[in-house]
1. Restrict the check to the range 137-148 and report whether at least one residue is assigned by TED's automatic domain parsing to the domain that holds residue 72 and crowded, with 18+ Cβ neighbours inside 10 Å.
2. Anything in the range 76-113 that is in a loop (DSSP other than H, G, I, E, B), without any contact (Cβ under 8 Å) to a residue 40 or more places away in the chain and either under 25 Å from residue 177 (Cα atoms) or in contact with a strand residue (DSSP E or B) (Cβ under 7 Å, 6 or more places away or on another chain) (or both)? List them, or say none.
3. Just to verify a result, which residue in the range 53-72, among those that are assigned to a loop (DSSP other than H, G, I, E, B) and at pLDDT 90 or above, is nearest to residue 160 (Cα to Cα)?
């Protein structure tokens with residue numbers, strides 16, 4: 001009788017251990033799957049913040065004072081781009097903007113529209129156009145963050161309605177956030193309010 005009771009007890013322990021065994025394996029499998037998901041998809045969502053697309057930053061300056069300018073009614077957009085894809089809308093204050101280059105071409109043109117009707121400038125005939133000529137090449141950041149294009153500016157052409165000059169401070173356009181293009185407008189400190197107002201860069 002004792003042997004029969006011992007046999008039943010051992011069988012019950014075996015069933016309990018078998019259940020625990022499955023639970024342990026289930027937890028281990030979940031942990032393993034979570035680790036693998038982190039490895040393949042990246043647990044750190046900030047890992048790619050520095051690997052976004054290479055977009056050159058263009059800033060506005062006064063040619064007479066060499067000071068940064070805030071333009072309160074300028075429109076900036078891509079030439080031949082849809083009308084609803086403006087980078088800066090007239091009536092919106094701006095002292096800089098990012099310029100998306102077309103990686104499949106070797107040049108991209110942008111227009112600057114001055115929406116100042118009281119000064120007689122609210123006319124597309126007075127738009128200035130800036131054309132950037134460049135080379136582009138794909139850059140592989142990482143398996144997690146993918147690839148993007150980097151650019152090297154070779155030449156810049158521009159009209160001179162209100163633009164005095166355009167300076168490229170760094171021709172290598174990478175994903176590092178920094179000002180690389182300066183547009184100087186023909187304006188003196190006295191009449192700067194005619195097209196905008198000067199201010200300090202943040």
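The values are calculated or read from the model by the stated rules, or taken from the named source; none is laboratory data. Just so we're clear, the structure is a prediction, and the values are computed from it rather than from any experiment. Positions of Cβ are backbone-derived with ideal geometry, glycine not excepted, and every protein chain shown enters the neighbour counts.
1. Going residue by residue through the range 137-148, those that are assigned by TED's automatic domain parsing to the domain that holds residue 72 are 137-148.
Remaining after also requiring crowded, with 18+ Cβ neighbours inside 10 Å: none.
Checked against the condition, which is being assigned by TED's automatic domain parsing to the domain that holds residue 72 and crowded, with 18+ Cβ neighbours inside 10 Å, the range 137-148 yields no hits at all.
2. Within the range 76-113, the subset in a loop (DSSP other than H, G, I, E, B) is 79-82, 86-87, 89-93, 95, 99-106.
Still in the list and also without any contact (Cβ under 8 Å) to a residue 40 or more places away in the chain: 80-82, 86-87, 89-93, 102, 104-106.
Selection gives 81, 86, 87, 89, 90, 92, 93, 102, 104, 105, 106.
3. If we filter the range 53-72 for residues that are assigned to a loop (DSSP other than H, G, I, E, B), which is where we start, we get 53-56, 63-67, 72.
Then keep just the ones that are at pLDDT 90 or above; that gives 55-56, 63-67.
Values: 55: 24, 56: 21, 63: 12, 64: 15, 65: 18, 66: 17, 67: 19 Å.
Looking at the filtered set, the residue picked out is 63.
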